[in-house]
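These notes concern the structure reproduced below.
The values are calculated or read from the model by the stated rules, or taken from the named source; none is laboratory data. Being a predicted model, the structure only gives us computed values, none of them experimental. In this analysis, Cβ positions are derived from the backbone assuming ideal geometry, glycine residues included, and neighbour counts consider all displayed protein chains.
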Amino acid sequence: MTRQTKIITGVLAGVALGTAIALVLSSDKGDELKGKVGDWFCDLLDSSKDKIGSLTSTLKDTLSTAKSQA
């Protein structure tokens, strides 16, 4: 695994653990909590997709630059 993959895996594991703890300690009703967690998770996925997309484009640019210099 690359360093970035390990970091992403660690962050996602931390998010999952934090969500589980929040569910256990929450004082909200079940439906309200599910809605809040669902909204938060969707926002997290959207931001992750944006970051991965920008990382992919940066990687493609770097590879094309390296190929043209070779």
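Condition check: assigned to a helix (DSSP H, G or I) and in contact with an Asp or Glu (Cβ under 8 Å, 6 or more places away or on another chain). Does LYS67 satisfy that? Please lay out each step first, then the result.
Details: assigned to a helix (DSSP H, G or I): yes; in contact with an Asp or Glu (Cβ under 8 Å, 6 or more places away or on another chain): no.
Answer is no for this residue.
Could you give me the residue pairs with C-beta distances under 9 Å whose first residue belongs to region 35-62 and is without any contact (Cβ under 8 Å) to a residue 60 or more places away in the chain, whose second residue is assigned to a helix (DSSP H, G or I) and surrounded by fewer than 10 Cβ atoms within 10 Å (Cβ to Cβ) wherever it lies, and which are 6+ apart or on separate chains?
Within 9 Å, the pairs are LEU55/GLN4.
Which of the residues belonging to region 1-49 are within 30 Å of LEU59 (Cβ to Cβ) and modelled with pLDDT under 75? Talk me through it step by step, then tell me what you get.
Keep residues of region 1-49 that are within 30 Å of LEU59 (Cβ to Cβ), which gives 1-19, 40-49.
Selection gives MET1 alone.
Taking THR5 as the residue in question, decide whether it is out of contact with any Phe, Trp or Tyr (no Cβ under 6 Å at 6 or more places or on another chain) and either in contact (Cβ under 8 Å) with a residue 60 or more places away in the chain or loosely packed, with under 10 Cβ neighbours inside 10 Å (or both). Walk me through it before giving the result.
On the way: out of contact with any Phe, Trp or Tyr (no Cβ under 6 Å at 6 or more places or on another chain): yes; either in contact (Cβ under 8 Å) with a residue 60 or more places away in the chain or loosely packed, with under 10 Cβ neighbours inside 10 Å (or both): yes.
Against the criterion (out of contact with any Phe, Trp or Tyr (no Cβ under 6 Å at 6 or more places or on another chain) and either in contact (Cβ under 8 Å) with a residue 60 or more places away in the chain or loosely packed, with under 10 Cβ neighbours inside 10 Å (or both)), THR5 qualifies.
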